[in-house]
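Derivation of every value follows stated rules applied to the coordinates shown; laboratory data play no part. It should be emphasised that the depicted structure is a prediction, and the values quoted were computed from it without experimental measurement. So basically every Cβ, Gly included, is an ideal-geometry build from the backbone, and we count neighbours across all protein chains shown.
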Amino acid sequence: MGKVIRWGILGSGHIAKKFAADLMLVKDARLVAVGSRSMVKATAFADAFPVDHQHDSYEALAADPEVDVIYIATPHSLHYENVLLCLQHGKAVLCEKPFALNSRQTRAMIELAREKKVFLMEALWSAFLPQYIKVQELLRAGKLGTVKSVLASFGFRPGTSPNARLYDPALGGGSLLDIGIYNVFMAMSVLGRPDVIEASMTPAATGVDEQCAVLFKYKDGAMAQLFSTFATDLATEADICGTAGRLKLTTRFFDTAARIEFYPGRLDTLEVIEVPKEEGFGYQYEARHVNECLQKGLTESPVRSLDDTLALMEVLDAIRQAAGIKYAADE
Ligand SMILES: NC(=O)c1ccc[n+]([C@@H]2O[C@H](COP(=O)([O-])OP(=O)(O)OC[C@H]3O[C@@H](n4cnc5c(N)ncnc54)[C@H](OP(=O)(O)O)[C@@H]3O)[C@@H](O)[C@H]2O)c1
């Protein structure tokens, strides 16, 4: 084990707490600080996840000399300014998905990290999960033959009183950036960057995309069909289909609940492919990877590169353009 990497968490909401719980599963990590907009919330967070330093502003957290790396857990619209703040203070950063609202912001964040030679990574946690890594292995081994299509859906109903963040345009609300991003990530990690992008959405009362349908086309004839929604509960599965078989990631394809089903040849044979399971929500895998990078003195992840992060954001921009999804930050 290398030195202990000292983590701070910026924002004290839903995902901040889950990440803090999983950080305890990372041997060389220690959660030492939290930064919140209010001391009341910082203290409440520290009651559940004890830390040495509670800060009542994000600036104070970013300036804390006892912190090596900061996990950004604020709504999408704040990622840009929060990441820049931390980088300016020389802190390594793991930033929640979506990395930013658009590729203009993403480019500026990447530029600053590279200029300052400070570690920066998008918290696309699915990329570090055992079943995702297994799927990549199976694809590389040619188990599906030529992949012709990816079908992915992610839908849930946030509840009777709409969660403000998910529906608030000022916070980057909408299904595409919040959950559709996992569909897009899955399609791109199997088929690469699409050559043609078509998309359409239906708005919620606040104007954000309540539902978003996306079609990717590739020059070699492959296609991806992706759907995200806050209106209904969907299967939230992913199918990767090739000339020699099909892989299905069962419900909640992007998280640790997913099971890999492999249908070699025709659809009458099923092999369930087991992957090792650990306790926790699954955020420990990405946190462990960040620690490994920092122990090695890397400024970029070899698994989730900043170029991949930018490519994903450029594709999300193109989907939004096609579907008519706009945020104030695009002006
Ligand atoms: N990887 C995943 O599985 C996953 C799951 C859920 C969410 N996420 C991502 O994590 C981010 C946060 O999502 P969440 O569900 O944790 O949101 P949340 O519960 O609303 O928490 C967001 C936190 O950000 C801070 N904040 C700063 N400015 C805010 C504002 N104007 N309005 C609301 N909160 C503000 C607040 O903390 P303080 O008041 O303490 O400053 C708040 O508790 C999103 O970008 C989302 O996409 C990822």
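Structure summary
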| quantity | calculated |
| --- | --- |
| Value of D in µm² per second that Stokes-Einstein yields for segment 26-124, Kirkwood Rh from Cα pairs, at 25 °C (0.890 mPa s) | 178 µm²/s |
| Calculated P(r) of segment 166-254 - Cα pairs past 20 Å, % | 38 percent |
| GNM flexibility winner over the chain from P276, P169, P50 (Cα, springs under 10 Å) | P276 |
| Set K296/K326; K97/K134; K116/K326; K3/K41; K27/K143; K18/K277 screened for pairs whose C-alpha atoms are more than 28 Å apart | K296/K326; K116/K326; K3/K41; K27/K143 |
| Selected from G172, G280, G180 as most flexible by GNM, with the chain as the system and alpha-carbon contacts under 10 Å | G280 |
| Globularity ratio of segment 130-280, using Cα Rg and 2.2 N^0.38 Å | 1.10 |
| Choice from E96, E137, E300 showing the highest fluctuation, given a GNM over the chain with Cα pairs closer than 10 Å | E137 |
| Taking Y132, Y218, Y285 and counting other C-beta atoms within 10 Å, the order from fewest to most | Y218, Y285, Y132 |
| Within the chain, percent of DSSP bridges classed antiparallel, to nearest 5 | 55 percent |
| Total charge dipole magnitude, segment 130-280, about the Cα centre, Cβ charges on Lys, Arg, Asp, Glu only, Debye to nearest 20 | 380 debye |
| Least to most buried among Y71, Y58 (fewest other Cβ within 10 Å first) | Y58, Y71 |
| Projected area, mean over directions - the chain, Cα convex hull, nm² | 16.8 nm² |
| Ellipticity estimate at 222 nm from DSSP helix runs (n ≥ 4, -39,500 (n - 2.57)) divided over the chain, nearest 500 | -10000 deg cm²/dmol |
| Shape call, segment 94-180: gyration tensor on alpha carbons, a/c limit 1.5 | oblate |
